[in-house]
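Asker: Handing you a structure now.
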There are 2 protein chains.
Amino acid sequence: MKFSKATNYALHTMLYLLAFAPDKPVGVQQLADAHRVSPTYLSKILTKLVKAGLIESASGANGGYRLKGKKEEISMLDIIHAVEGTASLFECCDGEDDRCLIRREMRNAENAMEKHLHDTKMIELAAALPIR
Amino acid sequence: MKFSKATNYALHTMLYLLAFAPDKPVGVQQLADAHRVSPTYLSKILTKLVKAGLIESASGANGGYRLKGKKEEISMLDIIHAVEGTASLFECCDGEDDRCLIRREMRNAENAMEKHLHDTKMIELAAALPIR
DNA sequence: GCGTGATTACTCGGATACAAGATGTCCGAGTTTGAGCGG
DNA sequence: CCGCTCAAACTCGGACATCTTGTATCCGAGTAATCACGC
């Protein structure tokens with residue numbers, strides 16, 4: 001039960017884009033250098049963000065990844081869901097048996113965390129960065 | 001990022017003990033039958049609960065596992081921590097760098113979930129079970 | 001100056017390799033209960 | 001009826017085996033900008 005490194009990379013990359021390049025596309029190489037990750041691996045992760053509609057990719061020379069859509073609304077939860085999936089963190093009791101009290105409480109706890117993540121917008125973090 | 005099945009088994013077993021056998025030791029075989037798990041595997045999980053001080057084991061004939069200590073105070077978080085460990089769910093930025101805003105917010109979200117799990121006591125769930 | 005083609009700098013996606021952790025099994029060793037047996 | 005012994009029923013812990021998932025790399029294919037060249 002851990003958040004994957006992929007989620008970590010995705011969050012930091014999104015923060016980077018918001019803070020340093022809100023409009024221009026940035027190459028995978030540059031993003032990878034900024035966080036000490038392999039470019040090809042980071043590319044795989046960013047593909048998930050593209051599919052989720054958070055960013056878009058530009059092919060060819062001077063291509064790269066660029067923010068897409070309403071930047072103010074991007075929450076931490078959006079990014080986490082894009083990378084980790086939206087499935088519940090806790091599964092038990094064969095499917096959708098709502099009589100399982102343990103499952104119900106686990107879902108409630110999970111929702112508490114997700115609410116916090118949903119209320120935290122990436123653009124606020126970008127604005128609070130000490131050095132830009 | 002998923003809770004392990006081991007956590008699932010641990011939670012259900014604890015609920016079972018609280019509801020059906022608050023005092024008597026129950027054999028691993030019986031507990032395993034109740035949740036369709038291999039007895040030896042369940043034994044491995046319960047060993048963690050023993051080390052955490054939530055239950056105690058009785059060797060020999062008529063032995064088994066029994067609740068230990070103040071039953072009213074056992075929370076879901078206690079069990080989860082016993083099985084999954086107490087480490088933070090999110091790690092990044094080499095160690096304890098508190099300047100990382102992403103890490104800070106992830107910790108906050110995590111704490112929100114843990115608070116909910118801490119406030120949910122197992123004995124309440126046992127009392128709310130429909131069929132006993 | 002202008003169009004055309006080649007080059008270059010990129011991303012995309014699949015296939016693959018590797019590592020770690022979760023899951024599950026097996027077995028030998030130790031421990032307690034209780035039954036059997038002899039006195 | 002008492003005490004001893006022994007078998008049975010347990011748990012404990014370590015050592016495996018297996019399976020899934022996360023992590024990471026490689027490579028061929030496609031695409032867009034730019035440069036070079038010839039007209």
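Asker: Once Lys and Arg get +1 and Asp and Glu get -1 on their Cβ, which of B:SER88, B:SER38, B:ALA126 lies farthest toward the positive end of the dipole of chain B?
Answerer: Projecting each Cα onto the dipole axis, the largest value belongs to B:SER38.
Asker: Nearest 10 degrees is fine. How inclined is helix B:5-20 to the longest principal axis of chain B, computing both from alpha carbons?
Answerer: The angle comes out near 50 degrees.
Asker: Looking at the square roots a ≥ b ≥ c of the eigenvalues of the Cα gyration tensor of region A:1-40, which shape do they give, rounded for a/c under 1.5, prolate if a/b is larger than b/c, or oblate?
Answerer: Taking the square roots of the gyration eigenvalues as a ≥ b ≥ c, region A:1-40 is oblate.
Asker: With a point put 7 Å past each Cα toward its Cβ, work out how far B:ARG66 is from B:LYS2 in nm, to one decimal.
Answerer: 3.7 nm
Asker: Let me ask something else about it. How much net charge surrounds A:HIS12 when only other residues with a Cβ under 11 Å from its Cβ are counted (Lys, Arg +1; Asp, Glu -1)?
Answerer: +3
Asker: Please tell me the relative contact order of chain A in percent, rounded to the nearest whole number, where contacts are Cα pairs under 8 Å and at least six residues apart.
Answerer: Worked out over chain A, it gives 30 percent.
Asker: While we're here: Relative to the present Cα-Cα distance, how much length would full extension add between B:TYR41 and B:ALA58 at 0.36 nm per residue of separation?
Answerer: Gain on stretching B:TYR41 to B:ALA58: 4.4 nm.
Asker: Enumerate the calculated ³J(HN,Hα) couplings along region A:109-124 in order (Karplus 6.51 cos²θ - 1.76 cosθ + 1.60, θ = phi - 60°), each rounded to whole Hz, writing x wherever the residue is Gly or Pro.
Answerer: Ordered by residue, 3J(HN,Hα) equals 5, 4, 4, 4, 5, 5, 4, 4, 5, 6, 7, 8, 8, 4, 5, 5 Hz.
Asker: Which entries of A:LYS2/B:LYS44; A:LYS70/B:LYS121; A:LYS68/B:LYS2 have Cα-Cα distances beyond 32 Å here?
Answerer: A:LYS70/B:LYS121, as the Cα separations exceed 32 Å there.
Asker: Another one. Note down the magnitude of the dipole of the protein assembly as shown about its Cα centre, charges +1 on Lys and Arg C-beta and -1 on Asp and Glu C-beta and zero elsewhere, to the nearest 20 debye.
Answerer: I would put it at about 420 debye.
Asker: Follow-up question, since we're still on this one. Using only Cα atoms, tell me the angle between helix A:39-51 and the longest principal axis of chain A; keep it within 0 to 90° and round to the nearest 10.
Answerer: 60 degrees
Asker: Can you give the local net charge around B:PHE90? Use residues other than it whose beta-carbon is closer than 11 angstrom to its beta-carbon, Lys and Arg +1, Asp and Glu -1.
Answerer: +2
Asker: Roughly how far apart, in whole Å, are the Cα centres of region A:73-127 and region A:11-66?
Answerer: Here the answer is 24 Å between Cα centres.
Asker: Sticking with this structure for a sec: Using only atoms on other chains, find how many Cβ atoms lie within 10 Å of each Cβ of peptide B:105-115 and report the average.
Answerer: 6
Asker: Let me know the charge dipole size of region B:39-132 about its Cα centre in debye, to the nearest 20, where only the beta-carbon of Lys, Arg (+1) and Asp, Glu (-1) is charged.
Answerer: 560 debye
Asker: In nm, what does the list of distances from B:ARG36 to its counterparts in the other copies look like, shortest first, when each label sits 7 Å along Cα to Cβ?
Answerer: Spacings between copies for this position, smallest first, are 4.6 nm.
Asker: Quick one: dipole size for region B:1-84, taken about the Cα centre, charges +1 on Lys/Arg Cβ and -1 on Asp/Glu Cβ, in debye to the nearest 20.
Answerer: The calculated dipole for region B:1-84 is roughly 180 debye.
Asker: Let me ask something additional. Between A:LYS24 and A:VAL50, how many nm apart are label points set 7 Å from Cα along the C-beta direction?
Answerer: About 2.1 nm, to one decimal.
Asker: I've got another one for you. Quote the Stokes-Einstein diffusion coefficient, in whole µm² s⁻¹, for region B:11-132, based on the Kirkwood radius over alpha carbon pairs, a temperature of 37 °C and a viscosity of 0.692 mPa s.
Answerer: 205 µm²/s
Asker: Now for a different question. How far apart, in nm, are two points set 7 Å out from the Cα along the Cα-to-Cβ line at A:ALA87 and at B:ALA127?
Answerer: The answer from the label model is 3.6 nm.
Any read-out appearing in this document is the output of simple, stated calculations on the displayed coordinates, not a laboratory observation. What you see is a predicted model, and the numbers here were worked out from it, not measured in a lab. A quick note on method: Cβ atoms are made from the backbone with ideal geometry, for glycine too, and the neighbour counts reach across all protein chains shown.
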